[in-house]
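Worksheet for the structure shown next.
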Amino acid sequence: MIFGILEMFRNEPLLLFIITLGVACAIGGIPPIIERQRRRSIENDLPALLEALSDSLGAGLGLQQAMMAEADRNNGKLGKLLKETLAESHASTFDAALSNFATKSRSSQVQRVMHLISTAIEQDAPLRNILADMSRDYERLNDLMNRRESDLMGRSILIIMFVSVGLPFLIAFIVGLFAPRSQGFQLEDFNSSFTMFFGAASLVAIGVSGRMLGRMRSALWWAPLWMAVSMTIYHVGVQVIGG
Amino acid sequence: MRSLDESREILYVIRTLDVLMGSGVGLEAAIHSISQGGYGIISKDFAVLMENINKGKPMERELRALLKKAENDGYKRVINTMLNNVTQNTDIIETLRKQGERMEETRTEAVKEYIEELGGVPETLLSIGMIGPIILSILGIAPQLMEGAEELFGTMNQGTIMTIVNAGLFFTLAGMAMIGLKAHTKDPGL
């Protein structure tokens, strides 16, 4: 059976290359997903942290004290990161600790907030109001980002499933049923054109769905795998259904 | 592309300007702080502006040049507010706060619109992506299916049909890409 399956790809070096590339790129596509989850978890916790800091400042605590208290209270990734940074900051200045925290978070939201806090401290600006304003701003921003994610995720999966799985299967079924190879139909050029088309269509589908969710670059890591899936479905489908 | 980059950064620039100027920092020092980085294309613009000011060019002229370069409406409005502050000494902080609030409302609306507009993309993409290949696949196998029925349908050359099929597949792909382009051009820039 294994030899039978391998035999189907005997004259398809491009397809074999894309399958290999797809597996390799899929492995490369996992780290951006993990990193994104970590970053979003930190960013979703950020408004609550800013609000708590603002409240603590209002109660008369200093910013450093308030941050330490919040690092103890917060059980999420943000709290853990804050605790680590503050523990390491004993040997340096508080400003350096804020910069270190921003760098470690690898989040542009956290980096902007820390930059603004540093600037506000430098300029002796009303920190409590600034933190409260930023908390509100980032809460709205994160709500919008989460809403975009939840509303468009289903549509993005729908596009990929239909273009990369449904369409090649449907065409393979039509071709295999009406023009089976076992009855002498000569469709090498035709099959080659359609195999290439499904690969390209999958690339477009992945690009569009990635762009819809605002992360096209990390989505493109999965493009070769989906291209390989759709080309394989068509190629194997025609041979299995057409005999 | 520039407009998208500007729209992504402008709200944060307004907040920073608000903090800096609200705590007594002058406009030039606030622009200098933003030009140090962290605000993408706007930091780059401000860095060029500061460089020219340091060479002795008047700030008013530089702001006018930046106004011409800016593409995003919000960014243009902020530069215009700065320009008014330089020429007429207007209350920049209050104006920036109002602009920030308005821009945030606009962004929320833009995201809602984006989600609504993209609602039709999967259906359109699938309609073109499915109907095109189905028709073309039937056309592609037609010469062999109709063999022996030349008197009824005329002679169909497999090579010519394949050229038509290939061109059709190319146009289908181009159509799908054009529909998908909507996801990029309408991006609200979060």
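Answer yes or no as to whether residue B:70 is of a type outside the set (Lys, Arg), modelled with pLDDT of 90 or more and closer than 30 Å to residue A:213 by Cβ. Walk me through how you get there before you give the answer.
Details: of a type outside the set (Lys, Arg): yes; modelled with pLDDT of 90 or more: yes; closer than 30 Å to residue A:213 by Cβ: yes.
Yes; evaluated as a whole, the condition is true for this residue.
In segment A:163-206, how many are acidic (Asp, Glu) and at the interface with chain B (Cβ under 8 Å from one of its Cβ atoms)?
To start, the set of residues in segment A:163-206 that are acidic (Asp, Glu) comprises A:188-189.
Now narrow it down to the ones that are at the interface with chain B (Cβ under 8 Å from one of its Cβ atoms): A:189.
Qualifying residue count, segment A:163-206: 1.
Looking only at helices (runs of 4 or more DSSP H) that fall completely inside segment B:100-186, which ones have 2 or more residues that are at the interface with chain A (Cβ under 10 Å from one of its Cβ atoms) and more than 30 Å from residue B:75 (Cβ to Cβ)? Before you say what the answer is, go through the steps one by one.
Working: elements: B:121-145, B:150-153, B:158-185.
Output list reads B:121-145, B:158-185.
State whether the residues of segment A:71-91 include one that is in contact with a helix residue (DSSP H, G or I) (Cβ under 6 Å, 6 or more places away or on another chain) and surrounded by fewer than 16 Cβ atoms within 10 Å (Cβ to Cβ).
yes
When residue A:233 is evaluated against the numbered criteria (1) facing another protein chain (nearest Cβ under 10 Å); (2) among the hydrophobic types (A, V, I, L, M, F, W, C); (3) more than 16 Å from the chain's Cα centre (by Cα), which criterion, by number, is the only one it fails?
Here residue A:233 meets the rest and fails (1).
Within segment B:61-83, is even one residue within 14 Å of chain A (Cβ to nearest Cβ) and out of contact with any Pro (no Cβ under 8 Å at 6 or more places or on another chain)? Walk me through how you get there before you give the answer.
Here is the first cut: in segment B:61-83, the residues within 14 Å of chain A (Cβ to nearest Cβ) are none.
The answer is no, given that none of the residues of segment B:61-83 is within 14 Å of chain A (Cβ to nearest Cβ) and out of contact with any Pro (no Cβ under 8 Å at 6 or more places or on another chain).
Quick check, is residue A:100 within 30 Å of residue A:218 (Cα to Cα) and not in a helix (DSSP H, G or I)?
Details: within 30 Å of residue A:218 (Cα to Cα): yes; not in a helix (DSSP H, G or I): no.
It is false that residue A:100 is within 30 Å of residue A:218 (Cα to Cα) and not in a helix (DSSP H, G or I).
Check whether at least one residue in segment A:207-221 is of a type in the set (Gly, Ala, Ser) and within 7 Å of chain B (Cβ to nearest Cβ), and report yes or no. Let's see the steps before the verdict.
Taking segment A:207-221 as the starting set, the residues that turn out to be of a type in the set (Gly, Ala, Ser) are A:207, A:209-210, A:214, A:218-219.
After this cut, where a residue has to be within 7 Å of chain B (Cβ to nearest Cβ) as well, the list is A:207, A:214.
The answer is yes, given that some residue of segment A:207-221 is of a type in the set (Gly, Ala, Ser) and within 7 Å of chain B (Cβ to nearest Cβ).
Scan segment A:188-232 residue by residue and report those that are surrounded by fewer than 21 Cβ atoms within 10 Å (Cβ to Cβ), within 20 Å of residue B:135 (Cβ to Cβ) and not polar (S, T, N, Q).
Within segment A:188-232, A:189, A:196, A:200 qualify.
Which number in (1) more than 13 Å from chain A (Cβ to nearest Cβ); (2) out of contact with any Phe, Trp or Tyr (no Cβ under 7 Å at 6 or more places or on another chain); (3) charged (D, E, K, R) marks the one condition that residue B:6 misses?
Every listed condition holds for residue B:6 apart from (2).
Of the residues B:59, B:82, only one is under 27 Å from residue A:109 (Cβ atoms) and either of a type outside the set (Val, Ile, Thr) or buried (at least 21 other Cβ atoms within 10 Å of the Cβ) (or both); which? I'd like the intermediate steps shown before the answer.
Values: B:59 fails: under 27 Å from residue A:109 (Cβ atoms).
Only one candidate passes the filter, namely B:82.
Quick one: is residue A:105 among the hydroxyl-bearing types (Ser, Thr, Tyr), within 12 Å of chain B (Cβ to nearest Cβ) and within 26 Å of residue B:18 (Cα to Cα)? Please lay out each step first, then the result.
On the way: among the hydroxyl-bearing types (Ser, Thr, Tyr): yes; within 12 Å of chain B (Cβ to nearest Cβ): no; within 26 Å of residue B:18 (Cα to Cα): yes.
When the stated conditions are applied, residue A:105 does not pass them.
Of everything in segment B:101-141 that's within 30 Å of residue B:17 (Cβ to Cβ) and touching a residue at least 60 places away in the same chain (Cβ under 8 Å), which residue is surrounded by the most Cβ atoms within 10 Å (Cβ to Cβ)?
Within segment B:101-141, the match that is surrounded by the most Cβ atoms within 10 Å (Cβ to Cβ) is B:114.
State all residues of segment A:116-144 that are surrounded by fewer than 18 Cβ atoms within 10 Å (Cβ to Cβ) and farther than 24 Å from residue A:60 by Cα; if no residue qualifies, say none.
A:139, A:140, A:143
Which of the residues that make up segment A:145-170 are surrounded by fewer than 17 Cβ atoms within 10 Å (Cβ to Cβ) and β-branched (Val, Ile, Thr)?
A:157, A:165
Name the single residue that is modelled with the highest pLDDT among those in segment B:73-99 being outside any helix (DSSP H, G or I) and either within 12 Å of residue B:14 (Cβ to Cβ) or among the polar types (S, T, N, Q) (or both).
Taking segment B:73-99 first, the residues outside any helix (DSSP H, G or I) are B:89-91.
Next cut, either within 12 Å of residue B:14 (Cβ to Cβ) or among the polar types (S, T, N, Q) (or both) only: B:89-90.
Numbers: B:89: 83, B:90: 86.
Out of the qualifying residues, it is B:90.
With the checklist (1) more than 30 Å from residue B:98 (Cα to Cα); (2) within 8 Å of chain B (Cβ to nearest Cβ) in hand, flag the one item residue A:123 doesn't pass.
(1)
The values are calculated or read from the model by the stated rules, or taken from the named source; none is laboratory data. Bear in mind the structure is a predicted one, so any value in this text is a computation, not a measurement. Methodologically, a virtual Cβ is constructed for each residue, glycine included, from the backbone with ideal geometry; neighbour enumeration extends over all protein chains shown.
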